[in-house]
Amino acid sequence: MDLEVSEVGLSPATARARAVVSVPPLQIHYCSPMMNRSPSSLIDSAPKTPKTPKSPFASRIMTPIASPMKKAIVSVQGYLEEVGHFTKLDRDHPHDAWLPITESRNGNAYYSAFHTLSSGIGFQALLLPLAFTSLGWSWGIVCLSLIFLWQLYTLWLLIQLHESESGTRYSRYLRLSMAAFGEKRGKLLALFPIMYLSGGTCVTLIMIGGGTMKIFFQIVCGDTCKVTPLSTLEWYLVFSCSAMALSQLPNLNSIAGVSLIGAITAVSYCTMIWVVSIVQGRPTSVSYDPPQSKSDVARICSILNALGIIAFAFRGHNLVLEIQGTMPSSSKFPSRVPMWRGVKFAYLIIAMCLYPLAIGGYWAYGNLIPANGGMLDALYKYHGHETSKALLCLTSLFVVINSLSSFQIYAMPVFDNFEFRYTSKFNKPCPWWLRSAIRALFGCLAFFISVALPFLRSLAGLLGGVALPLTLAYPCLMWIKIKKPEKHSASWYLNWALGVSGMILSILVVIGAIWNIATMGIKVHFFKPQ
């Protein structure tokens, strides 16, 4: 560290001693004698959960006459912030060390890539050819590309907004929304879409995973099998119990291995499905003509529903801040750097999966794509007898494994919210038995909804419309509110245009999805999963 001697006649040693006291904490690295101790021992000696977070750490333990020692302790605190072991979030929100999202902060770029891949690609990608049936070849590719670039930009905005200039980290989408729009308005705008997207995705994963388990058993067992097959409801129960058992892993970092397995299986089965569909050829009755609409309004609503399906394929923005919250952060090494590195790699892989699925799937099946299962159902329906049993079994097994892993990451914000209620009320961490009970209760609730409302799989367009503001609109508006770009600048115009367009598009997509359901209809059957 270079020191400037500001008074004539001072020796370098005296000037260095004065600099230790006067330099701000974040600039001191080796001046304090306490630096001979390891950072971990310093952390262990500090209070774990301060009960009065209003005052700084040092001022609560120093007496009025201990000013030099107080400055030394403050310098140690600054050093710990520099190396990333002690962040302002820990001081501002002491309960975060007890919650499953921020309980562990040893994440890295690899973890972010695993989690992003596991949450960003899955069964929703198999529905993309269904959107092309309404949009056609050209507009389908154009809309897919525009929404891909749009959501990638808003993803970058969220990563930049994770750390504020004051040092506070927003490790949950809801907290960032409250910081941008105010407490009441932020909750009103974001709480329902976040919980609806997380819970609705988990319910849909039970349907996809349980239904695929049934298909897997039928393929393995064959027509000559004498074992009595389980019903669809029983397969839902098997999947739900497996998901509940896996959900007992304590925090978001602990499921990094699960996310890695989920990412590998998602990429594998997406690739296998579109490759097999193209190799096996098109059915004889395939057609690429847009479905006949009774009126212009019906045609417009069909297009809006297709945009909702594409938007739903890019769900997962409600998990970006949570994933970034598992990383250490400091002023020198902010978490946004490794997070963006991992996200870029993940979305390169996602693009390599989504585009072949959408284009190849539409080429292979055209308007014959089933509305419920997308390309997976089309593969079983049109090429089930021509494709080898081993390949079909492997594809089904990968779908089940990916559904189990995706369930964990989408359920984590729900678990975190429940435990936050407990820690805020009782000012202590959630006991292990209550944590296990909360997760089992959520699994049972998701299972009940999947059995009671098995037609939810047909509502991809509606789900996409509800989740669309979280993905395309809110990040732009939050950037304007928090970063306050200069009026009439390029950033100001761009974010206002995208934010307002995203809100309008969300409303139109929801209206289009509801109109589509009302006119075309869906098979509504309560408590009768098929």
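The values are calculated or read from the model by the stated rules, or taken from the named source; none is laboratory data. Because the structure is predicted, anything quoted here is derived from the model rather than measured. Note that each Cβ is placed from the backbone with ideal geometry, even for glycine, and that neighbours are counted across all protein chains shown. We work out accessible area using only protein heavy atoms, side chains counted, and drop any ligands, DNA or RNA first. Shrake-Rupley method; radii C 1.70, N 1.55, O 1.52, S 1.80 Å.
Quick check on residue 371: is it more than 17 Å from the chain's Cα centre (by Cα), farther than 21 Å from residue 410 by Cα and assigned to a helix (DSSP H, G or I)? It is false that residue 371 is more than 17 Å from the chain's Cα centre (by Cα), farther than 21 Å from residue 410 by Cα and assigned to a helix (DSSP H, G or I).
Anything in region 95-147 that is acidic (Asp, Glu) and open to solvent by 10 Å² or more (accessible area, probe 1.4 Å)? List them, or say none.
If the condition is that a residue be acidic (Asp, Glu) and open to solvent by 10 Å² or more (accessible area, probe 1.4 Å), then 103 is the only one that fits.
Every residue in region 416-447 that is touching a Leu at 6+ places or on another chain (Cβ under 9 Å) and under 16 Å from residue 201 (Cβ atoms), please.
To start, the set of residues in region 416-447 that are touching a Leu at 6+ places or on another chain (Cβ under 9 Å) comprises 416-420, 422-423, 429-430, 446-447.
Matches in region 416-447: 416, 417, 446, 447.
Restricting attention to region 449-472, does a residue exist that is part of a helix (DSSP H, G or I), without any contact (Cβ under 8 Å) to a residue 60 or more places away in the chain and not basic (Lys, Arg)? Steps first, please.
Start the filter on region 449-472 by keeping residues that are part of a helix (DSSP H, G or I), which leaves 449-452, 454-458, 460-472.
Filter once more, so that each one left must be without any contact (Cβ under 8 Å) to a residue 60 or more places away in the chain: none.
Within region 449-472, none of the residues are part of a helix (DSSP H, G or I), without any contact (Cβ under 8 Å) to a residue 60 or more places away in the chain and not basic (Lys, Arg).
The condition of being more than 20 Å from residue 306 (Cα to Cα) and either of a type in the set (Ser, Thr, Tyr) or surrounded by fewer than 21 Cβ atoms within 10 Å (Cβ to Cβ) (or both) holds for only one of 511, 480, 507, that being 480. From the list 405, 450, 396, the lone residue that is crowded, with 17+ Cβ neighbours inside 10 Å, within 20 Å of residue 259 (Cβ to Cβ) and hydroxyl-bearing (Ser, Thr, Tyr) is 405.
Applying the set (1) at pLDDT 90 or above; (2) among the basic types (Lys, Arg); (3) touching a helix residue (DSSP H, G or I) at 6+ places or on another chain (Cβ under 6 Å) to residue 483 leaves exactly one unmet item: (3). Residue count for region 397-433 under the criterion of being touching a residue at least 60 places away in the same chain (Cβ under 8 Å) and in a helix (DSSP H, G or I): the result is 25.
Out of 240, 259, 268, 277, one residue alone is assigned to a helix (DSSP H, G or I) and within 30 Å of residue 516 (Cα to Cα). It is 277. Look at (1) within 22 Å of the chain's Cα centre (by Cα); (2) open to solvent by less than 20 Å² (accessible area, probe 1.4 Å); (3) of a type in the set (A, V, I, L, M) and you find that residue 249 fails only one, number (2).
Yes/no per residue for (1) surrounded by fewer than 17 Cβ atoms within 10 Å (Cβ to Cβ); (2) touching a residue at least 40 places away in the same chain (Cβ under 8 Å); (3) at positive phi:
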| position | (1), (2), (3) |
| --- | --- |
| 435 | no, yes, no |
| 444 | yes, yes, no |
| 499 | no, no, no |
| 517 | no, yes, no |
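Does at least one position in region 196-216 carry a residue that is within 30 Å of residue 500 (Cβ to Cβ) and surrounded by fewer than 18 Cβ atoms within 10 Å (Cβ to Cβ)? Looking through region 196-216, at least one residue is within 30 Å of residue 500 (Cβ to Cβ) and surrounded by fewer than 18 Cβ atoms within 10 Å (Cβ to Cβ).
Taking each residue of region 479-497 that is over 23 Å from residue 169 (Cβ atoms) and looking for partners that are hydroxyl-bearing (Ser, Thr, Tyr) with beta-carbon atoms closer than 9 Å, six or more apart or interchain, yields 494/153.
Restrict the check to region 330-343 and report whether at least one residue is open to solvent by 10 Å² or more (accessible area, probe 1.4 Å) and in contact with a strand residue (DSSP E or B) (Cβ under 6 Å, 6 or more places away or on another chain). Working first, answer last.
Looking only at region 330-343, we keep the residues that are open to solvent by 10 Å² or more (accessible area, probe 1.4 Å), and these are 330-334, 336-338, 340-341.
Narrowing the set further to residues that are in contact with a strand residue (DSSP E or B) (Cβ under 6 Å, 6 or more places away or on another chain) leaves 334.
The answer is yes; a qualifying residue exists.
Each residue in region 176-185 was checked for being crowded, with 21+ Cβ neighbours inside 10 Å and not aliphatic (A, V, I, L, M), and 1 pass. Does any residue of region 289-301 turn out to be open to solvent by 30 Å² or more (accessible area, probe 1.4 Å) and in contact with a Leu (Cβ under 7 Å, 6 or more places away or on another chain)? Within region 289-301 (the criterion being open to solvent by 30 Å² or more (accessible area, probe 1.4 Å) and in contact with a Leu (Cβ under 7 Å, 6 or more places away or on another chain)), the answer is no, since none of the residues qualifies.
Looking only at region 381-396, count how many residues are in a helix (DSSP H, G or I) and without any contact (Cβ under 8 Å) to a residue 24 or more places away in the chain.
The number of residues fulfilling the criteria is 2.
Residue-level analysis places residue 282 outside the set of residues that are buried (at least 22 other Cβ atoms within 10 Å of the Cβ) and part of a loop (DSSP other than H, G, I, E, B).
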